[in-house]
Amino acid sequence: MRMSQFLVFFALVFSLSLVSCSSNETIDPNSAEGLFKSAEEFEKAERYDEAITKYGEVRHRFPYSKISVDAELKAADLQYKREAFAEAQQAYLNFKDFHPKHPSIDYVTFQLAMSYYSQLPDTVDRDLSMAEKSITYFDEVMSSFPNSKHTKEAREKKEDTRKRLASKEDYIGNFYFNRKKYESALYRYEDLLENYPGLGLDEKALFRASFSAYKSGQIDKGGKHFQKLKERFPKSSFISEIQKTVGTNEKR
């Protein structure tokens with residue numbers, strides 16, 4: 001009988017201890033931690049709008065809490081994750097301004113660059129105004145955080161962005177060239193050669209710059225670009241085309 005009473009007493013104590021532990025682990029849903037946990041649950045369920053709202057509540061209700069900074073970065077990441085790149089861009093920019101010494105500032109800078117990069121159109125005939133901004137922050141990742149795990153990708157994305165900008169100049173140059181607006185075409189090809197060399201467009205750009213210069217009466221410029229074409233691409237088929245166009249003086 002005594003053994004039975006002891007077992008009942010032990011079971012009661014054990015149950016109470018479990019309840020006590022459970023109570024101690026309960027998080028107040030109105031606390032910073034509780035709101036953050038609620039936001040994480042929404043995020044796991046891919047309910048991103050609600051998650052962003054909850055992370056925002058953490059920031060606004062507990063602005064001096066350490067977890068508030070985590071919530072701010074989480075909200076920025078979610079904007080990027082749901083492909084709201086303009087909103088992500090602003091969120092990362094704000095975070096960078098307010099927390100310049102944050103341990104993950106290399107990641108934030110890279111994500112800021114990627115937010116601009118992700119807004120670039122698929123074709124070069126459209127607006128590429130975000131390109132220069134993305135390059136600015138890709139450069140910052142490479143120069144300020146050379147050992148960051150994001151540096152390699154920043155370099156690759158910068159190169160791709162520069163190729164897009166070079167293709168844009170080539171596209172506009174070709175537009176004028178095909179319409180025999182040679183002075184405008186020359187300006188674009190020279191810009192391409194000066195700012196985006198070595199990206200696979202130099203040979204044609206030198207040919208068309210030379211051709212456009214001759215056609216617009218800028219003989220000295222035409223000769224300069226033609227000489228560079230011969231030096232850099234001695235086997236280019238464009239050489240004979242220039243020679244046919246401008247006469248025997250350029251055959252030497």
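The values are calculated or read from the model by the stated rules, or taken from the named source; none is laboratory data. Keep in mind that what you see is a predicted model, and the values were worked out from it rather than measured. Cβ sites come from the backbone with ideal geometry, for glycine too, and all protein chains shown count toward neighbours. Remember, those area values only see protein heavy atoms, side chains included, never the ligands or the DNA or RNA. Shrake-Rupley method; radii C 1.70, N 1.55, O 1.52, S 1.80 Å.
Points to keep in mind about this one:
- The requirement of being more than 20 Å from Leu192 (Cβ to Cβ) and either more than 13 Å from the chain's Cα centre (by Cα) or modelled with pLDDT under 95 (or both) is fulfilled nowhere in the range 125-140; no residue meets it.
- Subset of the range 223-240 that is buried (at least 16 other Cβ atoms within 10 Å of the Cβ) and over 38 Å from the mean Cα position of the chain (by Cα) - its residue that is farthest from Tyr187 (Cα to Cα): Ile239
- Residue that is nearest to Pro103 (Cα to Cα), among those in the range 144-174 that are open to solvent by 90 Å² or more (accessible area, probe 1.4 Å), part of a helix (DSSP H, G or I) and not basic (Lys, Arg): Glu156
- Listed by position, the helices (runs of 4 or more DSSP H) contained in the range 1-83 that have at least 2 residues being within 27 Å of the chain's Cα centre (by Cα), at pLDDT 55 or above and within 30 Å of Thr109 (Cα to Cα) are 32-44, 48-61, 66-81.
- Of the residues making up the range 84-107, those that are over 22 Å from Leu120 (Cβ atoms) and within 12 Å of the chain's Cα centre (by Cα) number 0.
- Complete set of residues in the range 175-212 that are hydrophobic (A, V, I, L, M, F, W, C), farther than 15 Å from Phe233 by Cβ and buried (at least 17 other Cβ atoms within 10 Å of the Cβ): Phe177, Ala185, Leu186, Leu192
- Restricting the range 30-74 to residues that are closer than 16 Å to Asn94 by Cα and among the acidic types (Asp, Glu) leaves a set whose member that is least open to solvent (accessible area, probe 1.4 Å) is Glu72.
- Check on Thr151, in contact with a Phe, Trp or Tyr (Cβ under 8 Å, 6 or more places away or on another chain), at negative phi and β-branched (Val, Ile, Thr): yes
- Test: Glu183 is of a type in the set (Asp, Glu), in a helix (DSSP H, G or I) and under 29 Å from Ser118 (Cα atoms): no
- For the range 92-105, a residue qualifies if it is open to solvent by 30 Å² or more (accessible area, probe 1.4 Å) and either of a type outside the set (Lys, Arg) or in contact with a Phe, Trp or Tyr (Cβ under 8 Å, 6 or more places away or on another chain) (or both), and the qualifying residues are Leu93, Asn94, Asp97, Phe98, His99, Pro100, His102, Pro103, Ser104.
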